[in-house]
Structure formats: structure tokens, C-alpha cells
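Student: Quick one: the structure is below, and I'll ask about it shortly.
Just so you know, all these numbers are worked out from the coordinates, no wet-lab data involved. These numbers come from a predicted model, not from an experiment. Cβ coordinates were reconstructed from backbone atoms using ideal geometry, including for glycine residues, and neighbour counts include every protein chain displayed.
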Amino acid sequence: MMDIFDKRAPMGKEEHGSSGDMKKAQFMLQLLGTPWDANTLKCVIAAAEQGMEMQSGYLDVLNNEQDTESYRSVFEFGTYPGLKEADYNVAGSAGILAFINARGLGFSLAPKNVIEAATQDFWVDVAVTEATPHVNTIVQEQIIKPMIDSSYSKDTNAIDEARAKLKSILDLLDKQLTGNEYIIGKYTFADIHWTALIHLLFLADSNDLIEQRSQIHRWYSSLAVRKSNCGQNIVSFSLLPSIEDIKNKKLTSVIINDF
Amino acid sequence: MGIFSFFGRKKDKSTQEIELLGISGHIATLKCLILASIKGVSLRTTLASYDVGVDQINSYQYLDSSKIVPTVNHDGFTTSGTQAVLTYVDIRGKGASLTPKNARLLGLQNYWIAICYEILGPVTQAITTGMATDDDKKLLNKILTSLDNLLSENLYVVGPMTFADPHVAAYIYAIGCSGIDMTVYPKISDWVTRLENDMGGPLKIEYLHMDPSKLTATN
């Protein structure tokens, strides 16, 4: 029986890379998520960085598809994004990122040095615990609610409050990036977490928060041309959604042609 | 020096004791204590008062505008937040890292950690503060039943011991302290016993100081 992954993210045989030695060792990944969800975007970035082909599909959370039997039969608590590889399923960006990192082709995004590993985890934690709720508020008010209801009037107080709280967090990140090419020096999971959040801020008319902070702006701009961690000819940043993609509920798949 | 010395893990040459700053009754702090116990790491722990209320949902909370718990200080290095502290203690501790090498186990480990934050944390907060609704209780039963089934097949949450174990264990301790009957989940009880053996004995439950009147969310 066709499962929800095959319905929402059917594998398009013709468009994915089909030759090369590396191809033989890799199953296709299937991802279900939404283009305005930072956790989903982190998975797209990670797959591109680690050279893992991935077919992405839209999970209709606006109509609670994560609570349907077909989704809950795979992920009993309805958490998302969800990932499938052959007979393996895992949900949530932390699980998916770790899986992709371990299965992928590039060097590990998790530092082995104890200080670097703990510092990376601290910055991931700040992104998840402190920044994400405010980014979500801004995205909901600026993009999603008006998208659902064209007569919706934005809650400017909520937006202003979220922006005000983000400022001090972004000041800390700007300071951390001073003297560092990436957040902890080398490219790690911390960069993936923050890339997704900052991309959403740009889409949600809060680009000024980034442009006012020279180090974040420098780092974010460099990602737009940075080739993937796995050395293949793909720029993960280029797969992030535009505002039109969000409105069309379109998630980009990761296609690699130079195995 | 033997040839294999080149490939061995560097010994931790630092002698300074690791300092942990936490809060009494704080699940995030408890996770750090459980892991330190599993890994045989000696911590000098300071537990701050929880007059401001304990956040059982997030990975860390502020004591004031600049002080975060849990935080570790060691040999001039300071880091905060549950994940960073656990990573630091794991690598500094005895034996192999709790991070599984197998990709599928790694994914499942993090899946259960995410379930802790997204579902078990809010439900535990509601239970421990006496604010739980019937839906909260149903959800808690669903999670505990799922864990009990998992632990009927696995010795630990995802098979071998991983970071998922100290994460889940901290909530189980807190839930147990809140009067939830854990005897109906026998496999969870067996797993707790196994963990306690790995920790060299039971964790002092009185650490939690469960006082529902003070265990209110701050975030």
C-alpha cells in the first residue's frame, strides 16, 4: 500500500542522478515538511551539504495532516518534519540532521574536539530555544496568516515584541561571528540551524535585523555562494524557498548530478 | 610508546573539577547529573534557589539577565544549556561516547530527545505543577506506554545506551516524584534499575525537591 511519503514525495526517477559509483551506496531520502518551517529547511540544507539526494514533499500542517492516521501510523506523536529511507523513518530535525550527517558523503558536521562540540551545541540550543519561537511568530504574522486569510490584519504588537527579543540574541550571534568564518570557526550544525532561521527572517521582512549586524550579514552572504560540505557541485543555500515557493507550498528536492 | 598510542584517545590532563551550576527540581539540571553519574564524572554542583520558578520545558533557563542554568565551568571553559553540558561531560567522562556511530540509531536517539522537549517536557510541567488536564494525562500515558513497549525489546531507549537515556530518565524521575503510578509500566521500571546500576546506585530523588507550588513555568 502506498504510504504518505510515496503520496506526498514520490520519487522521480528521471530527474535524480542515476549513475556513478557513489549512487550504488545510497538510497533515496524522502522528506515531508513545510517550506516555512525552519526545521524542515535545516533538513534540506543538511541533505545538500552531505550530498544526499532527497525527494521533498509538502506536509499539509495547515489542515493538520500531521494528525492524520496515515502520518501517525509512521510517527505516532505527529512530530515533523518526517524522513524516510527505505524501511527507516525518523521525525524531527535533530534526528534527521544526525541521520543525514552520518549517512552522507561529506566530513562530519559534528566536531570531535570537546570545546568545539560543546560550543556548537550551545549555539544550536540558542537557535532552538530562544530564537525559533520569535522567528515563528514573525513568519506566522507576516506570511502564513495573511496567506490563509487575505483579510487578516497582522498583529504588529506581536511582531514588534518578537523583533525586540531577537535583537539581543542576534547581537550575541554577531559577536560570536566576529573573527570566525562560521559560527564556531568551522562549518557545523550550528550554521545549518541559524541559516534556516535567518533565511526566514529575510522572507518575513525582517532583513533589517540582519543587515544591521555586519558579521551575521557577512556570514549569511557567504553562504549564498558556498559549495557543499561534501564537495559536490551544489550550493545548499540555493535550495531554500522563496516567498513564492512558500505561497505555492513548494519544497525543493535535493538533486545531485555529479556523483 | 606503543604503536597504538597514536590512535588512542587523548587523556584528559586537566585536574580541575568540573563545576555545574543548576537549579533544584530542574529536569535539565537532572539530566546533567544523571549523565555525569553514568560517565563517572565528578561534578562540584551548585544548585540555585528556584524562587523564580522552574522551566521544565526548555533546555535551559535564565537565573538573571546573564546567568543560565545548567552551566559548566572547567579549566577556563564555560558552556551552558543541556545539550552543550551533556556533550562536554560525555567526552570528558569515562568510556566510549554515548553518541551512537550507527546512523539509524543516531537518528532514533535524537528523535526521542526531541519527543522529550516537544511532548514529554510540557506534559511533565503540567503534571508536576498539578495543572494537568485529562488530555495531558492521556498523552503522558501514551508516551509511557510507547516507552514501555520499546523497552520490552531494547535494554535502553534505542538499543544501546545513548543520550536518549539520561534525557528520558530525568522526566521519569520527575513524573515518579509527582505521584504517577509507574508500576503499571514494568519495563520502564526495569530500565530505571539498569540505569541505576550503570550509575553505581540510585540517584538521590530528594534532589528534585518537588514542591508543586514553586514549580511554575517561567517562559
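Student: Whole angstrom only: what separates the Cα centroid of the stretch A:196-259 from the Cα centroid of the stretch B:51-115?
Tutor: Computed from Cα coordinates, the inter-centre distance equals 28 Å.
Student: What residue among A:T156, A:L209, A:P146 has its Cα farthest toward the positive end of the dipole of the stretch A:114-223, where the charges are +1 on Lys, Arg and -1 on Asp, Glu, each on the Cβ?
Tutor: A:L209
Student: How large is the Rg to Rh ratio of chain A when both quantities use alpha carbon positions and Rh follows Kirkwood?
Tutor: 0.96
Student: A:Q50's amide H: which non-local residues (gap 5+, or another chain) put their own amide H closer than 5 Å, with H modeled 1.01 Å from N in plane and none for Pro or chain starts?
Tutor: Excluding prolines and chain starts, which carry no amide H, there are no hits.
Student: Another question, then. Using the Cβ atoms and a cut-off under 11 Å, what net charge is assigned to the surroundings of A:A127, where Lys and Arg are +1 and Asp and Glu are -1?
Tutor: Taking every other residue near A:A127 into account, the sum is -3.
Student: Set the Förster distance to 25 Å, then compute FRET efficiency between A:A86 and A:S108 from the Cβ-Cβ distance, nearest 0.05.
Tutor: Using R0 = 25 Å, I get an efficiency of 0.65.
Student: Amide H to amide H under 5 Å from A:D60: which residues, 5+ apart in sequence or cross-chain, H placed 1.01 Å off N in plane?
Tutor: Close amide H contacts, sequence-distant or interchain: A:E65.
Student: Place a label point 7 angstrom from the Cα of A:M147 along the Cα-to-Cβ direction, then list the residues of the stretch A:38-74 whose backbone nitrogen is under 20 Å away.
Tutor: A:38-46, A:55-68
Student: Something else about it: Taking θ = phi - 60°, what integer Hz values does the Karplus form 6.51 cos²θ - 1.76 cosθ + 1.60 yield along the stretch B:148-155, in sequence order, with x for Gly and Pro?
Tutor: 4, 5, 4, 7, 7, 9, 10, 6
Student: Still on this structure: With a ≥ b ≥ c the root eigenvalues of the C-alpha gyration tensor of the stretch A:152-191, is it rounded (a/c under 1.5), prolate (a/b larger than b/c) or oblate?
Tutor: Note, shape of the stretch A:152-191 comes out prolate.
Student: Which aspartates and glutamates have a Cα lying under 13 Å from the Cα of A:K167, excluding residues fewer than 8 positions away in the same chain?
Tutor: A:E130, A:D208, A:E211
Student: Moving on to the next point. Once phi is turned into ³J(HN,Hα) by the Karplus curve 6.51 cos²θ - 1.76 cosθ + 1.60 with θ = phi - 60°, what whole-Hz value does each residue of the stretch B:177-194 show in order, with x for glycine and proline?
Tutor: 5, 8, x, 6, 6, 8, 5, 7, 10, x, 6, 5, 4, 4, 5, 4, 4, 4
Student: With labels modelled as points extended 7 Å from the Cα through the Cβ direction, what inter-label distance (nm, one decimal) is found for A:I255 paired with A:D171?
Tutor: About 4.6 nm, to one decimal.
Student: Round to the nearest 0.05 the FRET efficiency obtained for B:D136 and B:S65 when R0 = 25 Å and r is the Cβ-Cβ distance.
Tutor: 0.20
Student: Something else about it: Using a cut-off of under 17 Å, list every residue of the stretch B:114-145 whose amide N is near the label point 7 Å from the Cα of A:S73 along the Cα-to-beta-carbon line.
Tutor: The answer is none, because no backbone nitrogen lies closer than 17 Å to the label point.
Student: Please express the Cα-Cα pair-distance distribution P(r) of the protein assembly as shown as a list of whole percents, one per 10 Å bin, running from 0 to the bin with the greatest distance.
Tutor: 4, 19, 30, 28, 15, 3, 0, 0
Student: Describe numerically, in nm with one decimal, the distance between label points set 7 Å from Cα along Cα→Cβ at A:D155 and at A:L62.
Tutor: Here the answer is 1.9 nm between the modelled labels.
Student: Going by amide H atoms built from the backbone, whose H comes under 5 Å of the H on B:A48, apart from near neighbours?
Tutor: Amide H neighbours of B:A48: B:G22, B:I23, B:S24.
Student: Quick one: putting +1 on the C-beta of Lys and Arg, -1 on the C-beta of Asp and Glu, what dipole do you get for the stretch B:103-198 around its Cα centre, in Debye to the nearest 20?
Tutor: Roughly 140 debye, rounded to the nearest 20.
Student: Find the relative contact order for chain A and round it to a whole percent, using C-alpha pairs within less than 8 Å whose residues are 6+ positions apart.
Tutor: After rounding, I find 29 percent.
Student: Output ³J(HN,Hα) for the stretch A:226-235: one whole-Hz value per residue in order, computed from phi by the Karplus curve 6.51 cos²θ - 1.76 cosθ + 1.60 with θ = phi - 60°, and x for Gly and Pro.
Tutor: In residue order, the calculated couplings are 6, 6, 5, 4, 7, x, 8, 7, 8, 10 Hz.
Student: Once you sort the root eigenvalues of the Cα gyration tensor of the stretch B:103-198 as a ≥ b ≥ c, which label holds: rounded (a/c under 1.5), prolate (a/b larger than b/c) or oblate (the other case)?
Tutor: Judged from the Cα gyration tensor, the stretch B:103-198 comes out prolate (a/c at least 1.5, a/b above b/c).
Student: Can you put A:D37, B:D181, A:D67 in order, fewest other beta carbons within 10 Å first?
Tutor: Ranking A:D37, B:D181, A:D67 by Cβ neighbours within 10 Å, fewest first, gives B:D181, A:D67, A:D37.
Student: Okay, moving on. With 26 Å as the limit, write out which pairs from A:K165/B:K67; A:K165/A:K250; A:K84/B:K94; A:K84/B:K101; A:K145/A:K250 have Cα-Cα distances beyond it, or answer none.
Tutor: A:K165/A:K250; A:K84/B:K94
Student: Let me ask another. Extending each Cα 7 Å along its Cβ direction at B:E196 and B:N149, get the distance between those two points in nm, one decimal.
Tutor: Using points 7 Å along Cα→Cβ, the separation is 2.7 nm.
Student: Can you give the relative contact order of the stretch B:103-198 as a percent, counting alpha carbon pairs under 8 Å and 6+ residues apart?
Tutor: This gives 33 percent for the stretch B:103-198.
Student: Here is a further query. Taking each residue in A:102-108, count the Cβ atoms of any other chain within 10 Å of its Cβ, then average. What number comes out?
Tutor: Average per residue, whole number: 2.
Student: Mind running the shape call on the stretch A:92-245? Use the C-alpha gyration tensor, a ≥ b ≥ c as the square roots of the eigenvalues: rounded below 1.5 for a/c, prolate if a/b tops b/c, oblate otherwise.
Tutor: prolate
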